[in-house]
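The values are calculated or read from the model by the stated rules, or taken from the named source; none is laboratory data. Keep in mind the model is a prediction, meaning the values are calculated, not measured. Cβ placement follows ideal geometry from the backbone for every residue including glycine, while neighbour counts extend to all protein chains displayed. Remember, those area values only see protein heavy atoms, side chains included, never the ligands or the DNA or RNA. Shrake-Rupley method; radii C 1.70, N 1.55, O 1.52, S 1.80 Å.
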Amino acid sequence: MLLLGYNDSNLKPIESRFTTNITVRGDNVYLQGTTEEVDSVEKIFKEMIFVLNTTGKLNSKDVETIIDLTLQGREIVSENEFDNIVLYSKKDVIKAKTPNQIEYIKSVKENDICFAIGPAGTGKTYLAVAFAVSALKKGIVKKIVLARPAVEAGESLGFLPGDFREKIDPYLRPLYDALEEMLPFEQLKNNIERGIIEIVPLAFMRGRTLNNAYVILDEAQNATIMQMKMFLTRLGPNSKAIITGDITQIDLPSFSQSGLVQVKQILQHIDGVGFVYFDKGDVVRHKLVKDIIDAYEKHYQENNGKKD
């Protein structure tokens, strides 16, 4: 029962993706099909047994993960690796690589709203987009909405060349970049055209209620207090939100307070809201990025005193 699932629910993902005939009699599983498929299905069953023995549980989504790993020629080497996998991109497996990223995965699973705060290059946005794409693929949500403040444009958007889309695209480009690494181009284009994936400036979120959606606010340090409240109150039934930002890189005018700075004080004790903090040890970009962050921190401390 634990291996096959209630009403053989753990067999259905295998049967839907392979033509191999699977017959279960007692403790034996009989496979009939092509040599290549039978070998793959056998590996899948062995990995299912491994996951069940190491975690004590197994469901159809776990089986989907195992199938993807097997078809990519990869094996589950440990319980931790399996638990830390977020998504299978076009080229590789996207998973947590640092202790704080592991905590990030745990927080996203346990909370409907998760704040990820830390310096550039720590995987905050990339993992957030991977969470959303994974939920969409699994049918947990019906759409993804990605938002970013266009702070630098401010009121002067009209003075920039091009139509409105060309004016705001530079501010949304990092979100497109992440999606393009995770989804085939035609699938991504189709999802955007159908409104299944939306990438919009934060101001466009006003007045909306988002049901069955995965909502991400990136660069949230550049959202004002009112914008942060507006964003958080867009969430409808069966929706999740991830808010990412770096409070050391606030581009707001000096008279505007960052909503990300204030929200820590207001929501940190509310059930269902999680906070995860990253530091330079979580940087997963080019090896020089960590050194650059160190150099800036040293310069700041020498010239302005220690940061709080």
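Among the residues examined, Asp282 qualifies as under 27 Å from Ile197 (Cβ atoms), modelled with pLDDT under 95 and open to solvent by less than 90 Å² (accessible area, probe 1.4 Å).
For the range 9-58, a residue qualifies if it is in a helix (DSSP H, G or I) and either of a type in the set (Gly, Ala, Ser) or free of Cβ contacts under 8 Å to residues at least 12 places away in the same chain (or both), and the qualifying residues are Glu15, Ser16, Thr35, Glu36, Asp39, Ser40, Glu42, Lys46, Asn53. Can you tell me which residues in the range 39-59 are of a type in the set (Val, Ile, Thr), touching a Phe, Trp or Tyr at 6+ places or on another chain (Cβ under 9 Å) and open to solvent by 30 Å² or more (accessible area, probe 1.4 Å)? Listed by number, the residues that qualify are Thr54, Thr55.
Evaluate the range 241-259: report whether one residue or more is among the aromatic types (Phe, Trp, Tyr) and within 26 Å of Lys137 (Cβ to Cβ). No, that holds for no residue. Screening Pro119 on (1) in contact with a helix residue (DSSP H, G or I) (Cβ under 8 Å, 6 or more places away or on another chain); (2) outside any loop (DSSP other than H, G, I, E, B); (3) at pLDDT 85 or above shows it passes everything except condition (2).
One line per residue, one yes/no per condition, for (1) without any contact (Cβ under 8 Å) to a residue 60 or more places away in the chain; (2) surrounded by fewer than 16 Cβ atoms within 10 Å (Cβ to Cβ):
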site	(1), (2)
Asn222	no, no
Ile225	yes, no
Met230	yes, no
Ser239	no, no
Asp246	no, no
Gly259	yes, no
Gln262	yes, yes
Gln268	yes, yes
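Given the structure, is Pro253 farther than 21 Å from Ala150 by Cα and either more than 17 Å from the chain's Cα centre (by Cα) or not in a helix (DSSP H, G or I) (or both)? No. Criterion first (out of contact with any Gly (no Cβ under 7 Å at 6 or more places or on another chain), at pLDDT 90 or above, basic (Lys, Arg) and surrounded by fewer than 24 Cβ atoms within 10 Å (Cβ to Cβ)) does Lys106 satisfy it? Here the answer is yes, as Lys106 does meet what is asked.
Has the range 257-278 got at least one residue that is in a helix (DSSP H, G or I) and modelled with pLDDT under 75?
no
Is it fair to say Glu302 is assigned to a helix (DSSP H, G or I), of a type in the set (Asp, Glu), at pLDDT 70 or above and surrounded by 13 or more Cβ atoms within 10 Å (Cβ to Cβ)? No, not satisfied.
Which of the following residues is under 21 Å from Lys138 (Cα atoms) and open to solvent by 40 Å² or more (accessible area, probe 1.4 Å): Tyr6, Tyr30?
From the options Tyr6, Tyr30, the qualifying one is Tyr6.
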